[in-house]
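The values are calculated or read from the model by the stated rules, or taken from the named source; none is laboratory data. As the structure is a computational prediction, the values presented were derived from the model and not from experiment. Cβ: placed from backbone, ideal geometry, glycine included. Neighbour counts: every protein chain shown. These area figures cover heavy atoms from the full protein model, side chains too; ligands, DNA and RNA do not enter into them. Shrake-Rupley method; radii C 1.70, N 1.55, O 1.52, S 1.80 Å.
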Amino acid sequence: MVFKAKILDHMQFVRTMTRITHEIIEKNHGAQEVCLIGIKRRGVPLADMLAENILQFEGISVPVGYVDISLYRDDLTEMTTMPTSTDNVIPCDISNYVVIIVDDVIFTGRTARAAMEAVLSYGRPKAIQLAVLVDRGHREMPIRPDYVGKNIPTSSSEQVRVLVPEIDGELGVNLYSI
């Protein structure tokens with residue numbers, strides 16, 4: 001991979017997450033019925049950031065969990081090694097909540113579809129919404145996020161990497177050529 005451009009620096013990242021938080025609060029008329037579910041890996045720290053922002057802005061501690069979508073992928077027959085278990089944490093009875101699935105990048109829509117399937121295996125939420133930091137286009141599924149931090153038109157020979165301190169030691173979004 002060859003570095004092409006920095007899409008979001010630390011401060012832009014923070015501002016973008018703040019904006020997404022406000023959009024979530026507005027759309028849901030507060031956050032009393034919101035549950036955040038991050039898609040492992042980088043969706044988890046983003047869900048935590050949104051929860052911290054909601055606590056700061058609304059004084060509400062929202063439940064936060066995560067899903068590992070490995071067993072819900074639609075390409076399992078193409079994989080050489082089959083995933084053996086899931087590592088999901090659903091922190092509440094989701095039937096009482098609007099579940100917001102959080103991911104770093106949406107591309108084809110297949111990961112979001114798998115995450116919805118994983119969430120639905122735990123019950124029937126009031127609604128499911130999708131929040132992503134970056135939408136890079138190229139959808140293969142009819143899925144559109146409710147909250148988007150930044151739209152970045154890309155080619156199939158490019159890759160968007162979201163950097164989070166818990167995994168990468170820094171906060172930002174970079175674009176690479178493959």
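Considering region 94-108, the residues that are in a helix (DSSP H, G or I) and of a type in the set (S, T, N, Q) include one that is nearest to P142 (Cα to Cα), namely S95. The set of residues from region 1-59 being polar (S, T, N, Q) and closer than 24 Å to P153 by Cα comprises Q12, T16, T18, T21. Scanning region 11-30 for residues that are in contact with a helix residue (DSSP H, G or I) (Cβ under 8 Å, 6 or more places away or on another chain) and among the hydrophobic types (A, V, I, L, M, F, W, C) gives M17, I20, I24, I25.
Considering region 117-178, the qualifying strands (runs of 3 or more DSSP E), each wholly inside and each with 2 or more residues that are more than 23 Å from K27 (Cβ to Cβ) and either open to solvent by 40 Å² or more (accessible area, probe 1.4 Å) or of a type in the set (D, E) (or both), run over 158-163. Filter region 57-71 for residues that are of a type in the set (G, A, S) and not in a loop (DSSP other than H, G, I, E, B); which is modelled with the highest pLDDT? Per the stated criteria, the residue is G65.
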